[in-house]
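Following: one structure in structure tokens, then a few remarks.
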Amino acid sequence: MTSQQLDIFEDSRDTMLRNDVAAALERYDAAGARSAWDTLAAEFPQDEALVHLSVLVDALEQRSSAPLPHHEAVRHARGALSDAIEPAALRVFGGRAAAKWLAPLWRELAQRASHLAFRPEYSEDHAAALWLKARDWSAAHDAVERIESWRRIPATLAWMAEAQYRLQDLDGAWALLAELAWLSPDRFDQLTGRLDDPLLRRLRKAFDARFEGHGDVRDLAWFPAWVLTETPGLSRLLGRAQHSLHTEPEQAMRLLVEILGLERQGRHHDLVARRRRCVTSTHRCMRPT
């Protein structure tokens, strides 16, 4: 047997041992993963995969269903999942497989935090945000509904908009997205970027190119009104948005919804008056390109 053939067998051995650890991890078999990791570490102590595999083995060994006592404990657990366990899972499993593997861990954390009330300073540590991480859209929806005045809080409104989008696609989320744009353009910007919806992406690209405003994220408050100048057929869905801050961008969209309704009804006399009002008071959203 040649030296080269020996090298091949050595390479096969470390690959096999790494695969043994990964297979046990995929089964969420903490004891099996630890045993396989110990064997890999004993035979190949310099293997680059040991560190990442160890993080995941530790995560399985530390799993718990006990309720967490306070928000700070949730924040600590969330930080460990986001900052250490998730990157290790991405290195070991790759993108989609890592998200699938992590989902039960996020689900357990959401369950352990489910008894804690919403607190603005710990918004990302609320169960609703964690259910979204677990990709359990129904649980996230239900958790948000239990928060008082969730429609008036940027974080909770964004969570509900995402849950609705995941459950019902874009048609089910338009009204909430409009309210979010008025209430918090920053949150709207972050959420729509994360959703990566083809229609939203196309409309946002056109809006950024054509809308003449401040030139920053504040302009997104006008996005719902502007959308109706590009896609009038969305008036029924956007018209479901509840009253929010009564700002000029909101009033512009509501006026456009009214105008489009009058057009459908053939009420030309009323339509002329409404168009005049729209041109004088909300000319920015109607400005030609």
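The values are calculated or read from the model by the stated rules, or taken from the named source; none is laboratory data. Please read all numbers here as calculations on a predicted model, not as lab measurements. Using ideal geometry, Cβ is built from the backbone for each residue, glycine included, and neighbour counts are taken over all protein chains shown.
For this structure, a couple of remarks:
- Boolean, L256 is modelled with pLDDT under 90 and assigned to a helix (DSSP H, G or I): no
- Picking from residues in the stretch 199-218 that are among the hydrophobic types (A, V, I, L, M, F, W, C) and more than 18 Å from R187 (Cβ to Cβ), the one that is surrounded by the fewest Cβ atoms within 10 Å (Cβ to Cβ) is A209.
- For the stretch 219-240, the criterion of being under 28 Å from D125 (Cβ atoms) and surrounded by fewer than 18 Cβ atoms within 10 Å (Cβ to Cβ) is satisfied by no residue at all.
Results for (1) hydroxyl-bearing (S, T, Y); (2) surrounded by fewer than 16 Cβ atoms within 10 Å (Cβ to Cβ), shown as yes or no for each residue.
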residue	(1), (2)
A110	no, no
A117	no, yes
W131	no, no
D136	no, no
A155	no, no
E162	no, no
Y165	yes, no
A178	no, no
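- Of all residue pairs spaced 6 or more apart or on separate chains, those with beta-carbon atoms under 6 Å, a first member in the stretch 229-252 that is closer than 21 Å to L157 by Cβ and free of Cβ contacts under 8 Å to residues at least 40 places away in the same chain and a second member that is outside any helix (DSSP H, G or I) and among the hydroxyl-bearing types (S, T, Y) are A252/T282.
- Residues satisfying the stated conditions in the stretch 182-241, i.e. small (G, A, S), outside any helix (DSSP H, G or I) and at negative phi: S184, G213, G239, A241
- Single condition R135 does not satisfy, out of (1) closer than 25 Å to H52 by Cα; (2) part of a helix (DSSP H, G or I): (2)
- Taking the listed residues A99, A110, the one that is in contact with a Lys or Arg (Cβ under 8 Å, 6 or more places away or on another chain) and over 20 Å from V21 (Cβ atoms) is A110, with no other qualifying.
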